[in-house]
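The values are calculated or read from the model by the stated rules, or taken from the named source; none is laboratory data. These numbers come from a predicted model, not from an experiment. No Cβ is skipped: glycine too gets one built from the backbone with ideal geometry, and neighbour counts run over all protein chains shown.
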């Protein structure tokens, strides 16, 4: 049979199949189940209204500090408004808490090193808490690809996220600011390898990258490690594609990885003891000390391997139910 004949055969088969369908029957089925579907969806509107009300009240709670911020600086007010919204979302969806926030200095510079989950939503909540409770904004280093996402540039500029070099990071710290970095790859590709190719065993995938320790040594500032419990259970990447996509990333630096989740698991951040660079300490030795501290935070505060189901059960504490 020729190609044109084969095509005509398949086309005729498709039209015959379509003609054999009882369109009126399926319309009747949809008409019958439509009210049932609507009856299940309508209660979600009430749920959305409840959540919107909770978020509004959470933001309204900070109305005086927001008014003061807008009076002082327009963008400062915008940052605090976003902080209140993110804080409300983290509180409602994840029961977010932070243990040891007093270890983040109320004044003066510090380098915050955080474990990078698949998506660093925990760091957004930490930034929000710090801005609301300590009136300090944590500047951050982000991967370069973020600055090529349409519509994100203004947000990144207002939130003081930069692609960062060692010298620019040192400059930020010497100006007395807080700076957050997720090690892994280099400073310009902040934490991507750990974020996308880690797993439920919570490996610390920093390799031999020393950028953050060079920054801390040159700026002579303390390093504060931060780990968030269950951060890898909130979002995950499929294990079946992980090895191949990691090869693609190493060759192209394109973070092309499917992500699933946004599960309402319990998230709790733990702020470790500050690590002060020793006089004339080698950056490699300092990086090892920070890595050991991060691994200890994981060991003490995370059940391994991580489990989405157990992380969901952890929300029972938020509901004040004794287990």
- Complete set of residues in the stretch 91-100 that are under 24 Å from residue 274 (Cβ atoms) and either free of Cβ contacts under 8 Å to residues at least 60 places away in the same chain or crowded, with 18+ Cβ neighbours inside 10 Å (or both): 96, 97, 98
- Query: Which residues, counting only those in the stretch 279-316, are in contact with a helix residue (DSSP H, G or I) (Cβ under 8 Å, 6 or more places away or on another chain), surrounded by 17 or more Cβ atoms within 10 Å (Cβ to Cβ) and closer than 21 Å to residue 218 by Cα?
  - Reply: 283, 286, 287, 290
- Query: Applying the selection to the stretch 211-241, what residues are in a loop (DSSP other than H, G, I, E, B) and over 21 Å from the mean Cα position of the chain (by Cα)?
  - Reply: 220, 221, 222
- Item | Single match in 162, 118 (criterion: under 22 Å from residue 220 (Cβ atoms) and touching a strand residue (DSSP E or B) at 6+ places or on another chain (Cβ under 7 Å)) | 162
- Query: Limited to the stretch 217-259, what total is found for residues that are surrounded by fewer than 20 Cβ atoms within 10 Å (Cβ to Cβ) and out of contact with any strand residue (DSSP E or B) (no Cβ under 6 Å at 6 or more places or on another chain)?
  - Reply: 23
- Could you name every one of the helices (runs of 4 or more DSSP H) located completely within the stretch 45-163 that has at least 1 residues being under 15 Å from the mean Cα position of the chain (by Cα)? 74-94, 121-133, 153-158
- Item | Set 264, 255: member being at pLDDT 85 or above and within 30 Å of residue 92 (Cα to Cα) | 264
- Which residues, counting only those in the stretch 147-168, are surrounded by fewer than 16 Cβ atoms within 10 Å (Cβ to Cβ) and more than 24 Å from residue 107 (Cβ to Cβ)? 147, 148, 149, 150, 151, 152, 153, 154, 155, 157, 165
- Taking residue 114 and the conditions (1) surrounded by fewer than 23 Cβ atoms within 10 Å (Cβ to Cβ); (2) touching a residue at least 60 places away in the same chain (Cβ under 8 Å), which numbered condition does it fall short on, given that it satisfies the others? (1)
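Among the residues of the stretch 242-290, write down those that are in a loop (DSSP other than H, G, I, E, B) and free of Cβ contacts under 8 Å to residues at least 24 places away in the same chain.
Within the stretch 242-290, 256, 258, 278, 279, 280, 282 qualify.
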